[in-house]
Amino acid sequence: MLKVLEANGYQVDIPTFDCCGLPKYAHGNLDGARESAEAIVNVLSSPEYKELDIVTSCPSCSLSLTRHFSDLLGDD
C-alpha cells in the first residue's frame, strides 16, 4: 500500500501506536479497547496529523476507527 500511494504522488507518514484494540473489543475487554482507542486518537488529533487523511490497509482497523472508537469514547 505504501509503495502504491507514494508511486501516485502521496506523501505518507506512518505514526507509531499500538493495535487498534478490536481484538480487545471483540473479547469484551472494553477498558483495554478504550485505552487503545484513546492512544490512537491522541496521536491522530495532534497538530502534526489533525488535517491529514487517515488511510489503513487493514479492514479491522478501519472498522475500529469508523465504528468502535465513537462507541468506546462517546464522541465522534
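Any read-out appearing in this document is the output of simple, stated calculations on the displayed coordinates, not a laboratory observation. Remember, it's a predicted structure, so these values are computed and weren't measured experimentally. Cβ placement follows ideal geometry from the backbone for every residue including glycine, while neighbour counts extend to all protein chains displayed.
When only DSSP loop residues count, what trypsin sites (Lys or Arg not before Pro) in the stretch 7-76 have their Cβ near at most 14 other Cβ atoms within 10 Å? Don't skip to the end; give the middle numbers.
Working: sites: 24, 34, 50, 67; in loops: 50.
The qualifying sites are 50.
Expressed as an acute angle from 0 to 90° and rounded to the nearest 10, what is the orientation of the C-alpha long axis of helix 30-44 relative to the principal long axis of the chain?
30
At 222 nm, what helix-only mean residue ellipticity would the chain give, in deg cm²/dmol to the nearest 500, using -39500 (n - 2.57) for each DSSP H run of four or more?
Working: 5 runs with 36 residues, N = 76.
Helix-only estimate at 222 nm: -12000 deg cm²/dmol.
Name the shape class, rounded, prolate or oblate, that the alpha-carbon gyration tensor gives for the stretch 1-60, where a ≥ b ≥ c are the square roots of its eigenvalues, rounded holds for a/c under 1.5, and otherwise prolate holds if a/b is larger than b/c and oblate otherwise. Each step should come with its number before you reach the end.
Values: a/c = 3.68, a/b = 1.74, b/c = 2.12.
Oblate shape, in that a/c is at least 1.5 and b/c is the bigger or equal ratio.
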